[in-house]
Amino acid sequence: MPTVKNIVEVRHVNKYFGKNHVIKDLNMEIKEGEFLSILGPSGCGKTTTLRMIAGFEQQSDGEITVEGERVEEKEPFDRNVNTVFQSYALFPHMDVYNNVAFGLKMKKLPKSEIKKKVSDILTLVQLEGFEKRYPSQLSGGQKQRVAIARAIVNRPRVLLLDEPLGALDLKLRKQMQLELKRLQKKLGITFIYVTHDQEEAMTMSDRIAVMNAGVLEQLGRPDEIYAEPESKFVADFIGESNLFDAVVSGVNGGIYTMEAETGALLGAGGDFCIRELVCACVRPEKTKFSPSPVEGFGLCGVVRENINIGTLIKSIIVLQNGHEIKISTLSGEKYPEKGKNVFVYWDPNDAVIMKTVSQEIHSMIENVDLGSFVKKAGSRAG
Amino acid sequence: MSIQKKYNLRNKIIPVAVTVSPVAVWLVLLIAVPLLYIFIISFCSTDAEHNIVFSFSLANYAKMFDPSLLTIYANSLAISVLTTVFCILVGYPFAYIMAFSSPFKKSMMMVFLLLPFWTNSIIRLYGWRTIIGRNGYINLALEKLGVISSPLTMLYTRGAVVLGMVYTLLPFMILPIHTVIDKLDRSYLEAASDLGAKPVKSFLHITLPLTMPGIFAGTIMVFIPSLAYFFVSDILGGGKNQLIGNVIERQFKEAFNWPFGAALSILLILITLLLVKAYMKTGGSLEELGGV
Amino acid sequence: MKSLGECEMKLKRKSKQKLKKRAGTVYTALVFIFLYMPIMIIILFSFNTSERNVVFEGFTTKWYGIMVQNSALLYAFKNTLTVGFWSTLISAAIGTLAAVGMYRYRFHGRNLIDMLLYIPVVIPEIVLGISLLSMFSLCHVSLGLASLVAAHVTFCIPFVVFTVRARLSGYDNSIEEAAMDLGANRRQVFFRITVPVIAPGIISGAALAFTLSVDDIIISFFTTGPKSTTFPLKAMELVRTGITPDVYALSTIVITVTFSVVLTVQTVLYKKNKKLNES
């Protein structure tokens, strides 16, 4: 299989805004032709990362290359990268035609060629006939498509999109998600897409980069991130999950026994030692209930309520220490009765065990190796 | 050069230098330096040929308090105070009506308010002579109506100068007041009426206090110029109603005593600064003084 | 069903409102009569047969012919227009650049420049006039059209800066980033994007600057030379000997032109707004 090149490479990038360390030792490789989403809550640094790739922000440290060239060596107007802005940024004093044609005019292409390209792209985004309209006369969805057309018509190698669908209503947003995906596949352009909506990222992306507080938590395919979250944050941010802080108490043939505050539980996968502090994550649809105790599990609680959301029934079970567990069952299947006591369990292979930060502190105290302490402090502290 | 430094140069230092240096140079050379210069020469004196002698002396500042000048100050201040008061009385209702009109009416009122200013002020003031002169239209009308038996003397009185001042400076009172009333949150008035306040009470207790900054701004924009608009006094005052501005003008055009004129100007600047400081202390903002 | 009392009250309130509105209109009319009376006099007396503008004696258009031949008057008028044109152009250019730079960037001395900008607006014009005169004299600059334009630019710049700045708040900076993203260099961004979008502000600022320059009396009084007298200053000279109707004739023409221009512009803007709002 031919190896796919990296089209954008981010190496050891740090960014400070004054004293604020907003991007911490970021390392990322974006493959040519892929649809990559940068996902995270507000303030996690995803937009800053995008702007650094675009050249509107300057990294404080580290290297960013696009197509092998270092980003800071060229001005934004000199590159083969185009951006779709969150506010669309359409030029209010130009009509749709001139907005879309702007980049081509800057390249000094002949008028006839520009005309053809613009009308082709407008057809592609389903806006034929809109050439003479002005931005103030367009709806949100139409403005958004003009913004995309304006960027794509220049055939950039990389297209950067900064939460472009944020201002649209739900139905339109879902429609546009599919259209964008289709467009990307058709044109073969690398899309780097910033969003805070995990469902959106999961729907559209080939890979997702999850960021939190300036740190890249995990980079992988949607199914990988969902089924095998590498940290508590990712597990919690993507989809719903039941999380347990626990201590490893034993291991038997790949299955770990762990002790949480409320009782014992089982999980599988990873490499941990006894007495290591971990976080176990199980998805609600994989969590099961039973009227009688299940071997290996000591979690017992009361069913507080059942919520019917159409396709699923979500049950909330409260354990002795107040910890709430979510179980989802498909509508039509058996679900726990309200008010009853149930025992919670799951297939150990469905639970993902993750290292936690407390584990690092623990190991630092246990193995006082100043060398590794300094290195760890430099990369992950703060 | 490091990446960050090069970036800063390209994206911050050069753009700032290109956009701001023309205005900075202009302001320093043509405002800061000249003002500094007259501050300096206010402490100087002149020799027989009216050249400036650069030796420090407070003579000019002493001369300012000469008894002959004190009557002029008093008269000038009286004119300015009257002008300001009349501008407020006439201008506030106009600004109020304008602020509560429909957008179309508002812009029409604004246009017609400012239109006369595209015509020469001197000629417009001269036109008043035809109206308030002994044989002017007002006297004519009053005599015809039988209100008076012999013509009133209106021209060349202090009242005429005040009239001319109000005529010239009225928009400078109306604009700041209008801006403030326009920005007034209508829900204050709605809340007041909801709580039982009749329109007059609502105006006295809510609108008026909240629009004081506008009145203050208008006062500054009217009072200060009225001390110095010597041409109004020349045209309608007949040489009898001298302003501080007239005195300064004479120093430069007749007496050639520039240092004394400079000292008087410093006095005007001080009065201005005091008023502006008081204005800002009561919460006024400089932007409103721009009238824009 | 509303009670009779309620209906009565509603009618009372409506008639009160109508009364208020009528009072407002009357007041506005009175103020406008006050403002336009001298202008009516000017127009009327430009057709006066008598040379002394005290009483209207008879109707004639001869003064318009005489005015055209009054070279001194027309020369002063031409100076006013020339100075107005150049002051507006220069102050609009410098002021717009400054407004954009000050709005977007934070730099040392920004507050100082801001303060300096307020000085010509707040301090009496006479102070500015004499200080410029003193400076010109010190530097042995001869007084003429150039010194006049320099003085006018000085008091016009702040108004341009403030007007453009007011227009800039609400300006979406990302359209400039978008332009750069699409390949425009900084110069192209400024002239193709920034200037067209803030054009309304620049035009208002320029219109304001022109108005201030054309009607300037005090500052021109001190900074003009014998050969570069302006229309207002010429009028001031003539006040001494008595203003003759040919001067009124010229003013009437100015009034008519200004009036027509402003009304046309307002109508065009109004129609444009209506069209945009309807679509």
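Think of chain B as having a plus end and a minus end, set by charges on the Cβ of Lys, Arg, Asp and Glu; of B:62, B:247, B:170, B:170 sits farthest toward the positive end of this dipole. Within the listed set C:82, C:264, C:211, the residue fluctuating most in the Gaussian network model of chain C (springs between alpha-carbon atoms under 10 angstrom) is C:264.
What separates the Cα centres of the range A:151-197 and the range A:215-265 is a distance of 31 Å. Putting +1 on Lys and Arg Cβ atoms and -1 on Asp and Glu Cβ atoms, find which of B:28, B:136, A:184 reaches farthest to the positive end of the dipole of the protein assembly as shown. Highest projection toward the positive end goes to B:136.
Any idea how far apart residue B:85 and residue B:208 come out in nm if each label point goes 7 Å out from Cα toward Cβ? That separation, rounded to one decimal, is 1.6 nm. Within chain B, the proportion of C-alpha pairs whose separation exceeds 33 Å stands at 43%.
Computed from the Kirkwood radius of its Cα pairs, the Stokes-Einstein diffusion coefficient for the range A:225-286 at 4 °C and 1.567 mPa s stands at 108 µm²/s.
Shielding by partners for peptide A:82-91, expressed as the average number of C-beta atoms from other protein chains within 10 Å of each residue's C-beta, is 5. Note on the range A:6-227: Cα-only Rg and Dmax are 17.3, 52 Å. Placing +1 on the Cβ of every Lys and Arg and -1 on the Cβ of every Asp and Glu, with nothing else charged, gives chain B a dipole about its Cα centre of roughly 580 debye. Peptide packing: for A:337-349, B:158-170, the average count of neighbouring Cβ atoms within 10 Å per residue gives the ranking B:158-170, A:337-349, highest mean first. For the range A:192-259, the orientation-averaged shadow of the C-alpha convex hull comes to 5.6 nm² (one quarter of the hull surface).
When the Gaussian network model of chain C links Cα atoms closer than 10 Å, the mean-square fluctuations of C:24, C:58, C:225 top out at C:24. For peptide C:261-274, the mean count of partner chain Cβ atoms within 10 Å of a residue's Cβ comes to 1.
Taken about its Cα centre, the protein assembly as shown carries a charge dipole of about 3480 debye when Lys and Arg each add +1 at the Cβ and Asp and Glu each add -1 at the Cβ. Only DSSP H runs of four or more residues enter the estimate; each adds -39500 (n - 2.57), and after division by the residues of chain B the mean residue ellipticity at 222 nm equals -21500 deg cm²/dmol.
With bins 10 Å wide beginning at 0, the percent of Cα pairs of the range A:240-357 falling in each bin runs 15, 47, 29, 9, 0. Along each principal axis, taking the top coordinate minus the bottom one, the Cα set of the range B:151-292 gives 64, 43, 21 Å in descending order.
Shape annotation for the range B:163-228: C-alpha extents along the principal axes are 47, 20, 14 Å, from largest to smallest. Legend: mean number of C-beta atoms from other chains within 10 angstrom of residue C-beta atoms, peptide B:10-23, equals 6. Here chain C is assigned +1 on the Cβ of each Lys and Arg and -1 on the Cβ of each Asp and Glu. Its dipole about the Cα centre then comes out at about 1320 debye. A dipole drawn for the protein assembly as shown from +1 and -1 charges on Cβ atoms has a positive end, and of A:255, C:48, C:198 the residue lying farthest that way is C:48. Just so you know, the Rg over Rh for chain A is 1.05, from Cα atoms, with Rh as the Kirkwood radius. Among beta bridges identified by DSSP and lying wholly in chain A, the antiparallel ones come to about 75 percent.
Please give the Cα centre distance for the range A:55-89 versus the range B:144-189, rounded to the nearest Å. Centre-to-centre (Cα) distance: 60 Å. Computed over chain A, the per-residue total of -39500 (n - 2.57) for DSSP H runs of n ≥ 4 gives a 222 nm mean residue ellipticity of -8000 deg cm²/dmol, rounded to 500.
Alpha-carbon geometry of the range C:17-62: the Rg and the Dmax are 16.3, 51 Å, given in that order. Once you reduce the range A:293-307 and the range C:103-133 to the center of their Cα atoms, the two points are 75 Å from each other. Counting only DSSP beta bridges whose two residues both lie in the range A:6-227, roughly 55 percent are antiparallel. Residue ranges B:19-25, B:229-235 sort as B:229-235, B:19-25 when ordered by packing (mean number of other C-beta atoms within 10 Å per residue, highest first). Annotation: amide H of residue A:16 within the under-5 Å range of A:22, A:60, sequence separation 5 or more or interchain, hydrogens built in the peptide plane.
The Rg/Rh ratio for the protein assembly as shown, using Cα coordinates for both the radius of gyration and the Kirkwood hydrodynamic radius, is 1.11.
Each value in this text was obtained by applying a stated rule to the coordinates, not by laboratory testing. These numbers come from a predicted model, not from an experiment. We place every Cβ from the backbone using ideal geometry, glycine too, and count neighbours over all the protein chains shown.
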